[in-house]
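Presented below is the structure to which this report refers.
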Amino acid sequence: MTFSPDDWAAIRLTLELAATTTAVLLLLGTPVAWWLARTPSRLKAVVGAVVSLPLVLPPTVLGFYLLVLLGPNGVGGQLTQALGLGLLPFSFPGLVVASVLYSTPFVVQPLQQAFEAIGTRPLEAAATLRASPRDTFFTVVLPLARPGFVTATILGFAHTVGEFGVVLMIGGNIPEKTRVVSVQIYDHVEALEYAQAHWLAGGMVVFSFLVLLALYASKARRSYVG
Amino acid sequence: MRARFPFRTALAAACLLAGSAAALADEVSVAVAANFTAPMQKIAAQFEKDTGHKAVLSFGATGKFYAQIKNGAPFEVFLAADDETPARLEKEGGIVAGSRFTYAIGKLVLWSAKPAIVDGQGEVLKKGGFDHLSIANPKLAPYGAAAVETMKALGAYDALAPKLVQAENIGQAYQFAASGNALLGFVALAQVVDETGKLKGGSMWVVPPKLYSPIRQDAVILAKGQGKAAAAALVKYLQGDKARAVIRGYGYDL
């Protein structure tokens, strides 16, 4: 016995969700992390706390509020309907929105730390050479923060793959649309299909271990070289 | 030394007293199917008042309880959402022999949080005009399986299948419909009526029982409850008139 067609569909969907979520998070998270790393604003503490909220909130809380907020009676739901997008719960775009929120700290925090580690000197040096701030960001900051981007990408992707509670709350368990691997495992366990559950769950353990191994191996190599 | 004796005697007496009190008023830990949450809380309160025993309740999904029980969970009585799981435990020798009985028969309803959406005949299922219909996962939950049976009996399943959203249990199916994300949902009657059987809000159609096989909910005394007075007392209490009145009040058959 190996993976069933349903299992494969869940695996494919999970990887799609994680890839989309990571891409969105890198796009949106980079400016936020940059702002957090550089700003003298008092709002920094507030924004930092909001960004970290998903670390401590139970995913079911996040999922429950998303279900209510994005539903037809919620502010978010009324907004998406007014924009002609329809309602987000029970759809792939809805899962992306939820996953982006859920994985935000795992992308923003490594980026912020990487930006902070650069310090101001390389930026000042670039400025004295008349590089524009934009130029500086792309030619100085991004290359220097590369390890932070690697960490953020891996953690954001892996954390989304491991997501369960949020998807369970707003997904609706629709095959090929919202039934991700973690939900599929849950279904197998609940249905007492332990052999199938073991295959998927074991695969998840191996995958997670390999991802983290890659992360720590690359860090170890860097610190050895650097 | 002489001064200590009265103290030790008192201590021993206290221990004896506490011990005998514990034997009289015992605790029983109970795993309860999620759909039976509200009636069981009420029954447990009455049970404690009437017998002095205390029922410690855990609520959850029947399949999960099965896995936990098989792996040593300390439950003594199990109120399942179906009759298959208790039968399976019985076959595997995990229960006190002969303790299995049906404590409630669930009733399925089609429900909407909005008034005047669901008509008295369930015609809305054929008319359409909704994006999502929530059901409990038919693979896991008896209410979900009954919902699928109903749609098939009405000849509407194929048309409705793309609109189905599956919840992990009947509690979540209710939540999907209650939040309005699904306009309609197949839920348990007990979830949408109060303890006198009156609809709490929205609109509903009580699905005629001939459209689906009966949702028998069985209870058992688990192996861990063997010889425990409180476990036996609770099971007896559940079959008594007072508990049955509560169960019926919440819209279950018996």
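Considering all different alpha carbon pairs of chain B, the Kirkwood hydrodynamic radius works out to 19.7 Å. Karplus-derived 3J(HN,Hα) values for the stretch B:29-40, using 6.51 cos²θ - 1.76 cosθ + 1.60 with θ = phi - 60°, are 9, 10, 9, 10, 4, 4, 5, 9, 4, 5, x, 5 Hz; glycine and proline are entered as x.
Phi angles across the stretch A:26-37 convert, under the Karplus curve 6.51 cos²θ - 1.76 cosθ + 1.60 with θ = phi - 60°, into 3J(HN,Hα) values of 5, 5, 7, x, 4, x, 5, 5, 4, 4, 4, 6 Hz, Gly and Pro given as x. Under 17 Å from a point 7 Å along the Cα-to-Cβ line of A:Leu142: which residues of the stretch A:1-43 have their amide N that close? Within reach of a label on A:Leu142, which here means backbone N under 17 Å from a point 7 Å along Cα→Cβ, the stretch A:1-43 contributes A:23-35. Most simply put, the protein assembly as shown has about 55% antiparallel DSSP beta bridges, counting only bridges with both residues inside it. Return the residues of the stretch A:53-78 for which accessible area with all protein chains present is lower than in the chain on its own by 50 Å² or more; set the probe to 1.4 Å and exclude ligands, DNA and RNA. For the stretch A:53-78, once contacts with the other chains are taken into account, A:Leu67 lose 50 Å² or more. Here is the P(r) of the stretch B:107-181: all C-alpha pair distances, binned every 5 Å from 0, give 3, 16, 29, 30, 19, 3, 0 in whole percents.
Ignoring aspartates and glutamates fewer than eight residues from B:Lys49 along the same chain, the ones with Cα atoms less than 17 angstrom from its Cα are B:Asp26, B:Glu27, B:Asp241.
The value given for the protein assembly as shown is a Kirkwood hydrodynamic radius of 25.8 Å, derived from the mean inverse Cα-Cα separation. Computed about the Cα centre, the dipole magnitude for the stretch B:108-206 is approximately 100 debye when only Lys and Arg (+1) and Asp and Glu (-1) carry charge, each at its Cβ. Remark: accessible surface ordering of A:Arg222, A:Arg134 (largest first) is A:Arg134, A:Arg222, probe radius 1.4 Å.
For B:Lys54, nonlocal amide neighbours, meaning residues 5 or more places apart or on other chains whose placed amide H falls under 5 Å from its own, are B:Asp26, B:Glu27, B:Val28.
Please report, to two decimal places, log10 I(q)/I(0) for the stretch B:21-83 at q = 0.14, 0.15, 0.19, 0.20 Å⁻¹ as given by the Debye formula with identical point scatterers on the Cα atoms and no solvent. So the normalised log intensities work out to -0.41, -0.47, -0.71, -0.77.
Using mean Cβ contacts within 10 Å as the protection proxy, how do B:67-74, B:51-58, B:161-168 order, highest first?
Values: B:67-74: 13.9, B:51-58: 16.9, B:161-168: 20.5.
Output ranking for B:67-74, B:51-58, B:161-168: B:161-168, B:51-58, B:67-74.
Among the listed pairs B:Lys42/B:Lys236; B:Lys64/B:Lys107; B:Lys200/B:Lys236; B:Lys163/B:Lys198; B:Lys91/B:Lys163; B:Lys107/B:Lys163, which are separated by more than 27 Å between their Cα atoms? List each step's numbers first, then the result.
Values: B:Lys42/B:Lys236 16 Å; B:Lys64/B:Lys107 22 Å; B:Lys200/B:Lys236 31 Å; B:Lys163/B:Lys198 29 Å; B:Lys91/B:Lys163 38 Å; B:Lys107/B:Lys163 23 Å.
Table pairs above 27 Å Cα-Cα are B:Lys200/B:Lys236; B:Lys163/B:Lys198; B:Lys91/B:Lys163.
Over chain B, Cα pairs under 8 Å with separation of 6+ residues give a relative contact order of 28 percent. Summarising the label geometry, the points placed 7 Å from Cα in the beta-carbon direction at A:Trp8 and B:Tyr157 lie 2.5 nm from one another.
Run the helix sum for the protein assembly as shown: -39,500 (n - 2.57) per DSSP H stretch of 4+ residues, divided by residue count, reported at 222 nm to the nearest 500 deg cm²/dmol. The partial results should precede the final answer.
Working: 22 runs with 276 residues, N = 480.
So the calculated ellipticity at 222 nm is -18000 deg cm²/dmol.
The aspartates and glutamates within cross-link reach of A:Lys44, meaning a Cα-to-Cα straight distance under 20 Å and a gap of 8 or more places when in the same chain, are A:Glu116. Restricting to bridges with both residues inside the stretch B:108-206, how much of the DSSP beta-bridge set is antiparallel, in percent to the nearest 5? Rounded to the nearest five, the antiparallel share is 60 percent. Which angle from 0 to 90°, rounded to the nearest 10, does the C-alpha axis of helix B:4-24 make with the longest principal axis of chain B? Its long axis makes an angle of about 30 degrees. Distance between the pseudo-spin-label points of A:Ser132 and A:Ala23 (7 Å out from Cα toward the beta carbon): 2.7 nm. Taking amide H positions as modeled 1.01 Å from N, with prolines and chain starts lacking one, the residues under 5 Å from B:Asp131 and 5 or more places away or on another chain are B:Leu183. Shown in residue order for the stretch A:160-175 are the 3J(HN,Hα) couplings computed by the Karplus curve 6.51 cos²θ - 1.76 cosθ + 1.60 at θ = phi - 60°: 5, 4, x, 5, 9, x, 5, 4, 4, 6, 10, x, x, 6, 9, x Hz (x for Gly and Pro).
The values are calculated or read from the model by the stated rules, or taken from the named source; none is laboratory data. As the structure is a prediction and not an experimental result, all values here were calculated from the model. So basically every Cβ, Gly included, is an ideal-geometry build from the backbone, and we count neighbours across all protein chains shown. Heads up: the accessible areas ignore ligands, DNA and RNA and are worked out on the full protein's heavy atoms, side chains in. Shrake-Rupley method; radii C 1.70, N 1.55, O 1.52, S 1.80 Å.
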